[in-house]
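Just below is one structure, and these are the notes that go with it.
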Amino acid sequence: MNDDAYDKGTVAITERDFPLGRDSFDPASEPTAWLWQRVLEVLGAERKQISARPVSAPVDLGRLRSAVGSYDFDEPAKPGVVIDELVALLRESTVHTTHPRYFGLFNPTPTLLGVVGETLAAAFNPQLAAWSHAPAAVEIEMHLLRFLGGRMGYPADEVAGSFTSGGAEANLTAVLLALTRMWPEYGTAGLRALPGRPVLYASAESHLAWLKIAHATGIGRDAVRLVPVDAGLRMDLEHLRAQLDADRDAGDEPFMVVGTAGTTGAGVIDPLPELAELCREFGIRFHVDAAYGGAAVVSDRLRGALTGIEQAHSITVDAHKWLSVPMGAGALLCTDGEGLAETFRVSTSYMPADIPDTVDPYTTSQQWSRRFMGLKLFLSLAVAGRSGYAEQLERDAELADFLRRRLVDSGWRIANDTPLPVVCFADPEADALSTSESWAHHTALAQSVVQSGRAWISPVRLNGHAALRACVISHRTTPEDIDELVNAVNEAQRAARPPAAR
Ligand SMILES: *Cc1c(COP(=O)(O)O)cnc(C)c1O
């Protein structure tokens with residue numbers, strides 16, 4: 001079907017045949033084919049038109065609410081009509097993370113095979129709580145976890161772990177595992193049985209999911225030490241050591257240090273080997289939060305940046321970030337299958353009995369009923385091959401280098417240092433401003449770029465200093481898109497000279 005026919009709505013003729021009501025749940029083959037054709041047309045048009053559309057547009061909240069609210073679900077509605085209306089809402093009121101000029105928060109343009117995998121997983125709907133209900137799905141996921149763990153540097157046949165809803169759940173899993181391993185009594189008697197307050201360390205540039213995790217696990221938000229960073233935005237080892245000593249002296253119980261491999265703000269990688277060494281010295285757990293940066297292990301060229309990650313007790317990596325599968329798919333990797341089993345142990349009469357040499361995911365992870373998250377990654381990896389993935393990741397890194405050069409040529413200052421494609425840059429003209437004025441200035445620049453619809457970037461505070469942040473993450477991004485971004489920020493800067501420079 002060509003776009004013209006779609007635009008004129010002429011393909012909707014066969015919609016007459018589509019059954020409504022409960023008959024729509026599983027229609028006979030012809031209406032089904034018509035519906036898939038419809039979806040393909042939507043996706044085809046989306047792919048063709050996306051780069052000509054604004055990356056984001058202002059939201060008319062009243063209109064959005066009334067369009068959504070117009071559905072009272074009393075009467076069945078024609079699927080083509082509903083799809084058209086909802087797709088229109090999605091097009092209008094979404095920050096288009098699949099746009100080639102979305103330089104945002106680690107949200108990728110999903111791979112085609114990832115979308116196909118998501119569809120197949122939804123249709124087969126295997127229940128991954130118990131191995132016996134979904135042997136193929138569980139084995140597919142375990143194979144992937146061993147692949148990822150092996151690339152991280154774990155002995156592949158010792159890898160244990162689970163797919164999670166995302167990085168936040170994977171990090172939560174790491175804390176539960178650490179508490180259980182450090183204090184076996186934690187699981188039954190709770191935190192009150194511990195000799196002191198467990199304290200967790202992450203850098204001031206780490207992802208703040210740690211605060212929610214501290215809240216949820218009962219160690220409390222005050223038990224998260226956000227360790228200052230050095231000039232390179234990496235966790236400062238001297239500060240860390242001093243804090244560990246001080247906490248021990250005060251009777252607290254340091255139990256886990258988090259190294260971030262790819263900070264959310266600046267894509268910076270903490271000094272992993274040194275952190276591993278320090279954790280050994282203190283006899284505490286070492287976790288690496290590589291939610292974004294972990295993907296780099298797929299590339300032989302980029303992988304060296306994560307050296308030391310193999311020494312971590314546990315690793316978080318998100319497939320829905322730089323591995324570009326649709327949300328949500330995170331993973332917790334470790335080599336301590338027994339520890340996971342101890343952390344999430346439970347046995348019930350209504351769950352299928354265990355089968356020798358297999359693991360029931362519900363006994364080694366936070367979730368119970370669980371969707372098949374691994375299929376979209378498996379299909380994407382199998383079809384692109386590791387080499388195809390590596391090529392894409394390296395290309396992103398090269399585009400980021402190109403962006404850095406273009407920005408420097410235009411007079412911007414690069415504000416972070418990382419091999420990953422996260423580019424933070426500051427306006428030197430704002431150097432004379434106060435911290436809050438500089439923040440206001442950079443925020444206004446980002447807003448002006450976003451409002452133009454030409455690109456999506458964000459303001460960021462790095463160790464207190466304001467900057468702009470652009471992450472190259474879409475496989476659709478080209479050098480021309482980088483040029484367009486640079487033009488957009490340059491024009492925004494010209495239009496909004498900071499007060500001191502006027
Ligand atoms: C994105 C991110 C998280 C949170 O992961 P979700 O997938 O959003 O749950 C945690 N840590 C880091 C470093 C991240 O980049």
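Conditions (1) away from the ligand (no atom under 13 Å from the Cβ); (2) modelled with pLDDT of 95 or more; (3) more than 30 Å from PRO273 (Cβ to Cβ), marked per residue:
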residue	(1), (2), (3)
ALA312	yes, yes, no
TRP322	no, yes, no
VAL346	yes, no, yes
MET351	yes, no, yes
PRO356	yes, no, yes
THR364	yes, no, no
SER380	yes, yes, yes
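Just checking, does segment 423-441 include any residue being over 24 Å from GLU205 (Cβ atoms), open to solvent by less than 20 Å² (accessible area, probe 1.4 Å) and out of contact with any Lys or Arg (no Cβ under 6 Å at 6 or more places or on another chain)?
No: zero hits.
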Counted residues in segment 170-211 being polar (S, T, N, Q) and assigned to a helix (DSSP H, G or I) come to 4
Does segment 233-255 contain at least one residue that is closer than 21 Å to ALA170 by Cα and either of a type outside the set (A, V, I, L, M) or modelled with pLDDT under 95 (or both)?
yes
Among the candidates LEU237, LEU272, LEU278, LEU244, single out the residue that is away from the ligand (no atom under 16 Å from the Cβ) and closer than 25 Å to GLY149 by Cβ.
LEU278
Cβ-Cβ distance below 6 Å, separation of 6 or more or different chains: which pairs start in segment 150-170 with a residue that is over 16 Å from VAL288 (Cβ atoms) and more than 16 Å from the ligand (Cβ to nearest atom) and end on one that is among the β-branched types (Val, Ile, Thr) and assigned to a loop (DSSP other than H, G, I, E, B)?
GLU158/THR335
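Hey, could you check segment 283-310 for residues that are in a helix (DSSP H, G or I) and open to solvent by less than 10 Å² (accessible area, probe 1.4 Å) and say which is farthest from the ligand (Cβ to nearest atom)?
Out of the qualifying residues, it is VAL298.
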Going through segment 221-244 in order, the residues found to be part of a loop (DSSP other than H, G, I, E, B) and out of contact with any strand residue (DSSP E or B) (no Cβ under 9 Å at 6 or more places or on another chain) are ASP230, ALA231, GLY232
Show the residue pairs that are 6+ apart or on different chains and have beta-carbon atoms under 7 Å apart, the first residue being within segment 290-303 and at negative phi, the second being within 16 Å of the ligand (Cβ to nearest atom) and among the basic types (Lys, Arg).
ALA291/LYS321; TYR292/LYS321; ALA295/LYS321
For the condition away from the ligand (no atom under 15 Å from the Cβ), out of contact with any Asp or Glu (no Cβ under 6 Å at 6 or more places or on another chain) and either within 22 Å of VAL317 (Cβ to Cβ) or not assigned by TED's automatic domain parsing to the domain that holds ALA246 (or both), what is the one hit in LEU194, LEU177?
LEU177
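The values are calculated or read from the model by the stated rules, or taken from the named source; none is laboratory data. These figures come from a predicted structure and were not determined experimentally. Ideal geometry is used to build each Cβ from the backbone, glycine not excepted, and the neighbour counts take in all protein chains shown. Side chains are part of the model used for accessible areas, which takes the heavy atoms of the whole protein and leaves out ligands, DNA and RNA. Shrake-Rupley method; radii C 1.70, N 1.55, O 1.52, S 1.80 Å.
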